[in-house]
Amino acid sequence: MVIENRAESLDKDNRYLRLKNSQGKSVSIVREVYRRENIPCQSSLCLGDCNVGIDDFDLLPSNVTHYIIPDCQVAREYLEVFEAPEIHGIIFTQTAEHCIQYEGSKNHHNRFKRLVKDKTKGAVIFHNEFQKYAYCERESGESNSAWQSRSTFKAAEWFFNHLAGQLPVVMIIAEYGSKIINVHVMKLGEYLQTFWKQANTSLMDLFESLTASVQSKTKKKGYSGYLPTDVLEAGLKTGRYIQGHMNVNKSNASEEAFVRRKREESKEDSGSDILIHGMSSRNRAVHGDVVVVEFLPRSEWKGRSNVIKETTESTSESKSSKDEEESEDNGDIMPTGYVVGITQRNWREYVAAFAQDEKTGQKGGKVLVIPWDYRIPKIRISTRQVEKLKDDRIIVRIDSWDIDSQYPNGHFIRSLGKIGELETEISAILIENNISVPPFSDAQMKELPVDTPDNPWKIEDVELKKRRDLRDSHLIFSIDPKGCEDVDDTLSVRHLENGNIELGVHIADVTHFVKPGSLTDQEAKKRSTTVYLADRRYDMLPGILSANLCSLISGVDRYAVSVIWELDSKYEVVDVWYGKTIIRSQYKLFYELAQLVHDGASQAEIVDNVPELQDLSGEQLVTKIDELVLAVNQLMTIARQLKRKRVRGGALELESVEVQVQLSETKSVEDLTPKDHMEIHDTIAECMIFANHWVAKKIAESFSQCALLRHHPLPRDNQFGNLKSCAEVKGFSVDINSNKTLAESLDKCVDPADGIVNKLLRTLATQAMSNAAYFSTGSLPNDQFFHYGLALDLYTHFTSPIRRFADVIVHRQLMAAVEAAYKLEIPGNKELSELSDHINQKHRASQYAQRDSQELFQCLYFKGRDSNDECCIVDAVIFQLRNNGVYVFIPR
């Protein structure tokens, strides 16, 4: 805490602490503590000046009926109750925060910090241990818990007096309660019954479930204890132990999990996984936890199982002889180990349901629920609502996993609704993928400009002077899917007087409206991406930006950030310009129309499909059509040349089957099959790749240690097993030594009698790829910056700032690189690396949610149809055999 140089009375005191040093020895530490009178109370009702310099939205609200001050035990054990959106005006003492930090888990403390940072909660931390009159000295022989309770009460009493009794102050405790002088002291259950029973019964359900979890003492035989922290740290340094994320095999969740080693840690096979076989070896680790693993002797190493098991119904460690036979490995022995410690629990909220045969009369109200993600073990919770909730999807959270318990203990949070209902299943998908998309707040909307008939938005004079105006000099147009509202990108192409060609990519200038540190920026960072589901989308930015002021729709003036190249006759770059512009897109084309224009559509066809041309006639109309046709054709010619260069460098053309969902009962089965590939798709993609590459070059040159790039690492050789074996069956050989040799091999794997073969092999090659990821240039060596799939040395994302926060960061870095007057503090490598990890996680979550929603709608589409219905029958290709099943490729 910063102590200002103000004329006030300071009390100096010494705090005596006993801490462990790096050798594990206990040492005594003496720290000076200064207490003063003007510690901020952080209340908007304050009659004094102790909140000088604090923004209003960081203060406790004034529109509540009372303030709440939970004591340390309640804050630690019932934090989830205070996370409920109904409860506001919460004062956490500094003493309570220390209790959560040092007596709870790291995840628990992180949740507490997120709660306090959430401006909608109106929650603050009051530094009572630095406030001269709120501090409570610990008495000789007094227990820590007693001192904590006394400190909380004194802080509550100080608050009431400081605010001159303007609002009641309620102290929430765990054991007893009454009104003492000016402070209401109540048990949490009593408080919820008094204030929230009528308004929200789910809070009482949550409280009861948490109480049961706290009191849970269920004991069963089970697992080994974890090694001490100092032993784990020493073992990690010497290489005896390996640390990594636990990834449970979705096809055999009860038996197989893997911990991935870093490439530099693996001497045998370039970063192979470590197999964790069986629940006992997993030792209470849950999918996603960061674990420490010790290798088993080589004689006990196993191979991956050849059995497909999609559920964890077998909960016993003992197996029948049939189970043993089915679990035999495939002969490819791999490093095998067991968990000796867990360095980070990544427990979260889980969607679950009750077993169909679950009874209401379980002893003590204990029941097992089955998580939606069957990589997660069954969770034991306490609830009296089994009969009421037996057909619902519910949310539960894991609290603990005792060493002698077969299952983890948890608690019930709330119900999502009936299983099978659309909104229930969508909610489950969002929660399982850790996606939170609350409505944009009023405070966020107030930051943004307005555009109404009475107050239309227009170009600012100051921006007109600073930007390059392309409205009259360039034919600019967009090409997007039908129905697209958030138009990120537009294009231009024209011939120059010197015979060269100018190509322009113009991207929405989101950063003009979204300032660093603003509420809109914070929310966009939190979301990091627009989430597209089969029947809906959740925008990263409010609609006034995403569908209006930042959308480069035709016929209106818009701010853009442009990259403009001059290309010679061989399509080599002669010059490149980066900067802020003002544009007016003349045409908003969709893919099919642009392809028709290129293929020679008649004048009538073009006019019928381009609203911007329908008010023209005569020579003017002919001239405009000729200009548009020339621009589209020239653009496609340029894109072909750009792609040809990348392909020569080893760029891969991979394959995947996309599901297209038509939300109408009148659509035929053909509407669920992928549309024919159009060259215009490649044209737009190639122009965007070109822009991303050149922007990456610019920011990497300007910020060598903190540019946000995107890399696609080399795939692991052991991931190509399926591809190589399937190719060999058809008489082909696949060379995986480089992206270039792989691309050339796939081009040769063509069976004239069976067109599906090449499609299948390219799909298997896609599955073998590593995931692309964002990174800060200071966190990887230069030779790791490349993008393997695109065959580019540098790459980033610049072209979609409406729907990707990474692009917003890149826009800011680009402007800082090219405009001396652009004042912005660029995040350093550490901050940018942490942000990259967050964006990567959100990006993957969005992809998984999109996949899950497509599978949901496929289920809804086929539900109830006769098995002989033509849409339920399709030719498939078996590409992998297992002991008890097969994997098949469905080409449509």
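Tallying residues that are at negative phi, surrounded by 14 or more Cβ atoms within 10 Å (Cβ to Cβ), of a type outside the set (D, E) and part of a loop (DSSP other than H, G, I, E, B) within segment 67-90 yields 4. Checking segment 754-767 against the condition returns a match, with at least one residue being part of a strand (DSSP E or B), acidic (D, E) and within 16 Å of A876 (Cα to Cα).
Which of the numbered conditions does I582 fail, given that it passes all the others? Conditions: (1) open to solvent by 10 Å² or more (accessible area, probe 1.4 Å); (2) part of a strand (DSSP E or B); (3) under 29 Å from I459 (Cα atoms). If we test I582 against (1) open to solvent by 10 Å² or more (accessible area, probe 1.4 Å); (2) part of a strand (DSSP E or B); (3) under 29 Å from I459 (Cα atoms), just (1) comes out false. Among the residues that make up segment 131-145, is at least one of them over 21 Å from R36 (Cβ atoms), of a type in the set (S, T, Y) and surrounded by 13 or more Cβ atoms within 10 Å (Cβ to Cβ)? Scanning segment 131-145, I find at least one residue that is over 21 Å from R36 (Cβ atoms), of a type in the set (S, T, Y) and surrounded by 13 or more Cβ atoms within 10 Å (Cβ to Cβ), so the answer is yes.
Of the residues in segment 557-568, at least one is farther than 26 Å from G483 by Cα, touching a residue at least 12 places away in the same chain (Cβ under 8 Å), over 29 Å from the mean Cα position of the chain (by Cα) and open to solvent by 30 Å² or more (accessible area, probe 1.4 Å).
Can you find a residue that is touching a residue at least 12 places away in the same chain (Cβ under 8 Å), open to solvent by less than 20 Å² (accessible area, probe 1.4 Å) and farther than 21 Å from N840 by Cβ anywhere in segment 779-788? No; the residues of segment 779-788 include none that is touching a residue at least 12 places away in the same chain (Cβ under 8 Å), open to solvent by less than 20 Å² (accessible area, probe 1.4 Å) and farther than 21 Å from N840 by Cβ.
On inspection, R537 does not qualify as free of Cβ contacts under 8 Å to residues at least 60 places away in the same chain and under 15 Å from V505 (Cβ atoms). For segment 711-734, filtered to residues that are of a type in the set (G, A, S) and open to solvent by less than 80 Å² (accessible area, probe 1.4 Å), the residue that is farthest from D793 (Cα to Cα) is G731. Among the residues of this structure, G417 counts as one that is farther than 21 Å from A257 by Cα, assigned to a strand (DSSP E or B) and open to solvent by 10 Å² or more (accessible area, probe 1.4 Å). Taking the criterion of being part of a strand (DSSP E or B), at negative phi, open to solvent by less than 40 Å² (accessible area, probe 1.4 Å) and modelled with pLDDT of 90 or more, would at least one residue in segment 294-311 satisfy it? Scanning segment 294-311 turns up at least one residue that is part of a strand (DSSP E or B), at negative phi, open to solvent by less than 40 Å² (accessible area, probe 1.4 Å) and modelled with pLDDT of 90 or more.
When D535, D486, D469, D521 are checked against the criterion of being in the same structural domain as E592 (by the TED database) and open to solvent by 50 Å² or more (accessible area, probe 1.4 Å), D469 stands alone in meeting it.
The values are calculated or read from the model by the stated rules, or taken from the named source; none is laboratory data. Here the structure is a predicted model, which is why all the values come from computation and not from measurement. Every residue, glycine among them, receives a Cβ derived from its backbone with ideal geometry; neighbour counts consider all protein chains shown. Ligands, DNA and RNA are excluded from the accessible area calculation, which covers all protein heavy atoms including side chains. Shrake-Rupley method; radii C 1.70, N 1.55, O 1.52, S 1.80 Å.
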